[in-house]
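Below you'll find the structure, written out as structure tokens, and then a few comments.
What follows draws every value from the coordinates through simple rules; no lab data is involved. Quick caveat: nothing in here was measured; it's all calculated off a predicted structure. Glycine gets a Cβ as well: all are built from the backbone with ideal geometry, and neighbour counts include every protein chain shown.
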Amino acid sequence: MHKILVLFAHPALQKSLAHKSLFNEIQHIEGITCHDLYDAYPDSFIDIKHEQALLLQHDIIIFQFPLYWYSCPAILKEWQDLVLEHGFAYGEHGNKLTGKKLMLAVSTGGSANSYSASGYNEHDINAFLLPFSQMSKICNLEYLPPFVVHDIHKRHDPQRIARKAEEYRQQLLRLQQMDDGAVKTRMENN
Amino acid sequence: MEHGVLFNTFIYLAAGVVAVPIAKRLGLGSVLGYLIAGVIVGPYALSLISNQQDVMHVAEFGVVMMLFLVGLELRPALLWQLKMPILGTGGLQLCATTLFIFLLLLACGLAWQTSLAIGLIVALSSTAIVLQNLQERELMKTEAGKNAFAVLLFQDIAVIPILSILPLLVIQDTTVIESSIPSWQSALMIAGVIAGIIIGGHFLVVPLLRIIASSRSREIFIATALALVVGIALAMEAVGLSAALGTFLAGVVLADSEYRHELESDIEPFKSLLLGIFFISVGASIDFNLLLDQPILVALLVGGLIAVKFIVLFVTGIVFKIQRSQNWLFSCALAQGGEFAFVLTSFALQRQVLDNEIASLLVLVVTLSMVFTPLLLIIYDKVIAPTFKRRLPQQEDKETPEHQIPDDTDSSVIIAGFGGFGQVVGRLLHGYHINTTILENDVGQIELLQQFKYKVFYGDAEQLNLLHSAGADNAKLFIIAVESASRTKRILIQVKKHFPHLTVLARATDRNHAQQLIRLGADHVFRESLDSGISLGVETLKALGMRANQAHRAGQVFRRHDEAVLHEEAKRIHEHEPEFVNRSLTERRILKKLLGLDALTYYDNLNDAWSTEAHSNQDKNTVGNLAAAHKHNKSSS
């Protein structure tokens, strides 16, 4: 069973429409470590060694955050800048994350339609998440398809959110059991 | 049997001391314990006491004190919120019970006057028993508790008109004893006394307490509190009002004052003791001869009384939409006759409204119904409550949103000491409307803060009873912000010992003090000089040309490093206690060591973040190029 580390970044959980439920839903599950970054580092003073140790202890990393201005909240960017060090995550000897997987769990205000060529956002959601997939490539992380909850501004009724939270939980449980043969073959091909 | 005062006192106290712990251990509650103790020392068992009627009269004063304390808990605003339950629930209960009993007795062939008199007398419930039981079970804040209290309050007020109605129910034509004062004049006097209590409470008593508090003489403060209660009781009785009602009013008036907790903790022991004696004398006054003569009749009457009161209460509860489980509790709690019944019965006897036979039967029935109340509540606990509990738990979880700060009194913060340090903490919390209770023993400070609507109380935070009445049992956090290092330690020891559930955040004067506090079990320790020292250091680094964010980071690194070393030291010194003997030497040694450690860790562990080339060989592979480009982008933007 894979061990999952959820790095959660939400600067205003008291206003959260979706993530509070999503994050609550995955608490207290064996093999899933929930790490609320804003709660752990209110002053953004990230403990690099601790974070790296956490990464080493887990097989699958989840970045869970609301999409703000087409990117992640500041602390998660800070986390990437500090924790994914040269020599640790990338670079000549930076292979500590090799073989691990990364999945984003993202909520968007706009609807699924808006994230298309014809919508007002003009691009597919994956276009906006490009920095993350590229980061994964550099760090030798396998980038998994993101878990996206769209249209939070208009459709945040409790039933829908509860359904999404349940889907999210199921998704993580599936990831725990995921066969990583596929990854191994890919690595060997490289 | 006649005994000396001391002997009687001893018997009462000893009976309580023996019976109450046993009763509590058996889960019967202290009220039942006292009642049983009364029966045992009473004339039908050991026959150890005499004059229990006189004793009872004195002990009734416990009820008066209890109402004073209840008043202290009820701020005027809260009382106003309760107006609906008081008038509605209380009124309906009293009228319906009276009517029901009246009709029943009428049907049994009693004269209408007698029936009405008895109806009025037994409609009243026992404030003493109900409140004592509910408080002991910590149920006063529940819906049932609040409604029960409202009903009792209404009954206390209703005693006044009942006292004036009873003489009109005389059957034989006897000369009606006219009051020597015309009624409008007595009404005026009543209004005057009540106004006096309210105005005097605000403008005389509070300043008086302030003066006495500043003299810092505890026994005089207690004496003042007692004199206040007794004085009001006397004034009320002089104009023919219930003393309990008067002291209750005085309590409400003083509930907003900063001395509320102090008054509470001073009166509380007297109240409990007197109430205990009152219950013992109720137990002792049960007339077992009468009971043995007509056991079936008495049983029927007691059962009937409880049943009628219970049904009326339950229906009242339904009318006023009390939750079902709470309604059971509410109805069980109030289904008995009260101590006012004794007063009213003897009054009715004097005015020849009731004859001797009925009066003594009435007293017996009421007494027995009081004895059964604790038993009813035990039945509620064991049989009725569990059936509701099984249905509830799922719903309750979801009601409170997790990340909101709950705003009820039960999750509040207590701050001991409100000097410069405590003020910063208090103002911050106050700004976010967090329920804080402040304990301070500087009178000048209190006055100032009250102008800004702070909840401040006068008292010494080391005292256990003050901590209790300040709500330490229900609070979540306890902040020690007093200036004196030794007082901080004493308060910490007291809080940790008696309220282990509290998270304690303590102010420390220096490093040494901080370590002592950690060892004494403080959950979080804050050195008063640390943060300002670091801030100054950070400013210095900036003034020397370091970029602000780098300087800030340096400050944070230092802070964490220093805290870690502090906790490490605290643990280690614990193992070698003698090191502590020469304090200044130890401190110098610690400092020396710290300076060495600082130099080592000052490099921060940022060496590999936000940078690439410095630690890599700038390899030509894709990754290296990308990273270099990344670096380049950053420096150019």
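Kindly express, to the nearest 10 degrees and within the range 0 to 90, the angle between helix A:48-57's C-alpha long axis and the longest C-alpha principal axis of chain A. For A:48-57 against chain A, the angle is about 90 degrees. Once the Cβ-Cβ distance between B:GLU563 and B:LEU6 is put in as r, and R0 is 56 Å, what FRET efficiency do you end up with, to the nearest 0.05? The value I calculate is 0.40. How high is the FRET efficiency from B:ASP256 to B:GLN294, r the C-beta distance, R0 45 Å, rounded to 0.05? About 0.30, to the nearest 0.05. Neighbour counting of Cβ atoms within 10 Å sorts the residues B:THR437, B:THR97, B:THR509, fewest neighbours leading, into B:THR509, B:THR437, B:THR97.
Cross-link check: pairs A:LYS20/B:LYS571; A:LYS77/B:LYS542; A:LYS101/B:LYS571; B:LYS141/B:LYS489; B:LYS141/B:LYS476; A:LYS20/B:LYS141 evaluated at a Cα-Cα cut-off of 29 Å; pairs beyond the cut-off: A:LYS20/B:LYS571; A:LYS101/B:LYS571; B:LYS141/B:LYS489; A:LYS20/B:LYS141. Multiplying the residue separation of B:PHE203 and B:TYR432 by 0.36 nm and subtracting their alpha-carbon distance yields 79.3 nm.
Past the 17 angstrom mark, what percentage of all C-alpha to C-alpha distances in the range A:69-110 do you count? The calculated P(r) of the range A:69-110 puts 47 percent of pairs beyond 17 Å. On full extension, the segment bounded by B:ILE211 and B:ARG490 gains 97.7 nm, given 0.36 nm per residue less the C-alpha separation. Against chain A, whose longest principal axis comes from its Cα atoms, helix A:74-83 is set at around 10 degrees.
By the beta-carbon count within 10 Å of each Cβ, the least crowded to most crowded order of A:MET1, B:MET65, fewest first, is A:MET1, B:MET65.
Taking chain A as the reference, fit the longest principal axis to its C-alpha atoms, fit the long axis of helix A:158-177 to the helix C-alpha atoms, and give the angle between the two in degrees, 0 to 90, nearest 10. The helix A:158-177 is inclined about 20 degrees to chain A. Volume of the convex hull of the range B:1-128 (Cα atoms only), normalised per residue: 179 Å³. Values of log10 I(q)/I(0) for the range B:201-274 across q = 0.18, 0.22 Å⁻¹ run -0.71, -1.03, by the Debye formula with one identical scatterer at each alpha carbon and no solvent. Put a dot 7 Å past the Cα of B:ASP381, heading toward its Cβ, do the same for B:VAL424, and the two dots end up 4.8 nm apart. For the range B:130-280, rounded, prolate or oblate, judged on the Cα gyration tensor with a ≥ b ≥ c (square roots of eigenvalues), a/c < 1.5 rounded, else prolate if a/b > b/c? Oblate shape, in that a/c is at least 1.5 and b/c is the bigger or equal ratio. Rounded to the nearest 0.05, what FRET efficiency is calculated for B:LEU536 and B:THR509 with R0 set to 22 Å and r the Cβ-Cβ distance? Computed FRET efficiency for B:LEU536 and B:THR509 comes out at 0.75. Kindly give Rg over Rh for the range B:201-339, based on alpha-carbon atoms, with the Kirkwood expression for the hydrodynamic radius. So for the range B:201-339, dividing Rg by the Kirkwood Rh gives 1.11. Summarised as an ellipsoid, chain A has semi-axes of 26, 19, 18 Å, derived from the eigenvalues of the Cα gyration tensor scaled by 5 and square-rooted, with the largest first. Note on A:LYS101, A:LYS49: ascending count of other Cβ atoms within 10 Å places them as A:LYS49, A:LYS101, the fewest first.
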